[in-house]
Amino acid sequence: MKILSKTYIALILAIMYIPILVLMLFSFNSTNNTGVFTGFSFYWYQELFRSAETFAALKNTLILAVSSAVTATLIGTAASLGLHRMRSKFLRGTITSLTNIPMMNPDIVTGISMMLLFVFVGTRLGSTEKLNFWTLLIAHVTFNLPYVILNVTPKFRQMDKHLPEAAQDLGCTPVQSFFKVELPCIMPGIVTGFIMAFTLSLDDFVISYFCSGSDFQTLPILIYSMTKKEVKPDIYALSTLMIIAILALLILSNLSNGRDDGLARLHNWRSRVREKVQTRREAKGGGAK
């Protein structure tokens, strides 16, 4: 049974990561032949830095990803705080279920519905450019928001609920209590939510395809337009650099969470040691009497 489970896991990992490794390998190919690796070269990385169209699409993608991730993180953190302080369990569960709908909804349904909404509103307002950067930003924030809430809300539950009250007893206002006490406790969830929102926005194609205008082209849309003719290996080089960057962000996120868990375990261990020392001192004092 163990051999079967290990074989299954190895097969799943191979299906997931072998295509990525092949892409990274052929980004160093000396020719544009994707069937034969003819030699190791950085030629396509040099071509990448000469391509103005690719860099323009990359710049648009990064601007959109950072803007949507920051906006979704701010709104999602505020929403998580509101859900945490909400007294009605029924209302809290209902709102939580509603915020999860964009996660479960197929991308094509979300993309088409938001496109129809933007076109309808643009027509009513008499706008000539119904789809642009702002409609794309709203669409990305919409599907990023549930992932931020999903990461931040558990951090509020893990936090000691008496900490904000203690801070206010010591003279902090509710706002100061949030920034000085609650915010550091939930920061790992905020960072993780931001990274997830950033990577999802960076990767999205379906919603971007329906909600973007002709004057704003992201990298996934550019690559899709290339598939009609030919995808050049400089895109392989760009994909390799993006994979490395995202992998570095995920490693930093895991290290941050691991550091926080380690500090929490160290704090608990010190508390137990102090309790044992105090118990022994009290036992010795009682015996001496």
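The values are calculated or read from the model by the stated rules, or taken from the named source; none is laboratory data. The structure presented is a predicted model; accordingly, all values stated were derived computationally and were not measured. Please note: Cβ atoms are built from the backbone with ideal geometry, for glycine as well, and neighbour counts cover all protein chains shown.
Against the definition (of a type in the set (Lys, Arg) and modelled with pLDDT under 85), how does LYS59 come out, yes or no? Write out each step before concluding.
On the way: of a type in the set (Lys, Arg): yes; modelled with pLDDT under 85: no.
Against the criterion (of a type in the set (Lys, Arg) and modelled with pLDDT under 85), LYS59 does not qualify.
Do you know which of the residues in the stretch 206-240 that are hydrophobic (A, V, I, L, M, F, W, C) and free of Cβ contacts under 8 Å to residues at least 40 places away in the same chain is surrounded by the fewest Cβ atoms within 10 Å (Cβ to Cβ)?
Among those residues, the one meeting the criterion is MET226.
Do you know which residues across the stretch 24-63 are of a type in the set (Gly, Ala, Ser) and within 12 Å of LEU238 (Cα to Cα)? Outline the logic, then answer.
The first filter runs over the stretch 24-63 and keeps only residues of a type in the set (Gly, Ala, Ser), leaving 27, 30, 35, 39, 41, 51-52, 56-57.
Within the stretch 24-63, SER27, SER51, ALA57 qualify.
Just need a number here: residues in the stretch 161-205 that are assigned to a loop (DSSP other than H, G, I, E, B), without any contact (Cβ under 8 Å) to a residue 12 or more places away in the chain and among the charged types (D, E, K, R).
The number of residues fulfilling the criteria is 1.
Examine the stretch 115-127 for a residue that is surrounded by fewer than 16 Cβ atoms within 10 Å (Cβ to Cβ) and touching a Lys or Arg at 6+ places or on another chain (Cβ under 6 Å), and state whether such a residue exists.
Among the residues of the stretch 115-127, at least one is surrounded by fewer than 16 Cβ atoms within 10 Å (Cβ to Cβ) and touching a Lys or Arg at 6+ places or on another chain (Cβ under 6 Å), which makes the answer yes.
Of (1) among the hydrophobic types (A, V, I, L, M, F, W, C); (2) out of contact with any helix residue (DSSP H, G or I) (no Cβ under 6 Å at 6 or more places or on another chain); (3) in contact (Cβ under 8 Å) with a residue 12 or more places away in the chain; (4) closer than 30 Å to LYS161 by Cβ, VAL119 satisfies all except one. Which?
(4)
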